[in-house]
Amino acid sequence: MASFLVEVVSANGATAALATKIEAALPKSHSVAERKSDVLPEGHYWGQEYSGTRGEEILLQGSADVHVSWQDAKGEWRSDVVGKEALKLYVMPSSYSESWLRFFILKRPVAARLLVEAESFKVKGA
C-alpha cells in the first residue's frame with residue numbers, strides 16, 4: 001500500500017489535493033465511503049487540547065467481504081458477512097506530529113500509524 005501512495009501523491013500539494021489524487025488512483029473495485037476535512041488521525045490527542053494543523057480523512061471501501069465465524073448453541077460453526085474491507089487514511093501536512101503526552105493516556109484507542117512520509121506531507125492509516 002505504501003508504494004501505491006508514493007506513486008499517486010506529489011510532494012508539493014496541499015492535503016486536500018493529495019487526498020483527491022489518492023481517490024482518483026483507486027482501483028475500480030474500491031470506492032470512497034466517506035471523506036472529512038479538518039481532522040486529526042484516530043487516537044491522536046485523545047482527550048487533549050489541540051490547536052495545530054489538521055488534515056483530510058478518507059475512508060476507503062474495498063470489494064472483499066469481511067466474515068465473522070461463530071458457534072451456535074447446537075455447537076455448529078457458522079460464518080456471516082458483517083461488512084466490507086476498509087482502510088481509513090489520514091493525509092496530514094508534514095508539520096503534524098503527535099504529542100509526547102500520548103504515553104500517559106492509557107485508555108486511548110490504537111493510534112493511526114505512519115504509512116508514507118515525504119517532504120510536505122504524511123499519510124497515516126488505521
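The values are calculated or read from the model by the stated rules, or taken from the named source; none is laboratory data. Source: prediction; values computed, not measured. Counting neighbours? That spans all protein chains shown, and the Cβs are built from the backbone with ideal geometry, glycine included.
Quick grid of which residues meet (1) over 12 Å from the mean Cα position of the chain (by Cα); (2) farther than 30 Å from Ser97 by Cβ; (3) surrounded by 11 or more Cβ atoms within 10 Å (Cβ to Cβ); (4) not small (Gly, Ala, Ser):
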site: Glu34; (1), (2), (3), (4): no, no, yes, yes
site: Val39; (1), (2), (3), (4): no, no, yes, yes
site: Ser51; (1), (2), (3), (4): yes, no, no, no
site: Gly55; (1), (2), (3), (4): no, no, yes, no
site: Ile58; (1), (2), (3), (4): no, no, yes, yes
site: Gln61; (1), (2), (3), (4): no, no, yes, yes
site: Val66; (1), (2), (3), (4): yes, yes, yes, yes
site: Trp70; (1), (2), (3), (4): yes, yes, no, yes
site: Glu76; (1), (2), (3), (4): yes, yes, no, yes
In segment 31-70, the residues that are of a type in the set (D, E, K, R) and farther than 23 Å from Phe121 by Cα: Asp65
Residue among Ala64, Ala73, Ala33, Ala86 that is within 19 Å of Val116 (Cα to Cα) and of a type in the set (Gly, Ala, Ser): Ala86
Pair list, Cβ < 7 Å and 6+ apart or interchain, from segment 82-97 residues that are on the phi < 0 side of the Ramachandran plot to residues that are among the basic types (Lys, Arg) and in a strand (DSSP E or B): Tyr90/Lys124; Met92/Lys122; Met92/Lys124; Ser94/Lys122; Tyr96/Lys122
Residue match in segment 102-125 (condition: at pLDDT 80 or above, of a type in the set (Gly, Ala, Ser) and farther than 24 Å from Ala19 by Cα): no
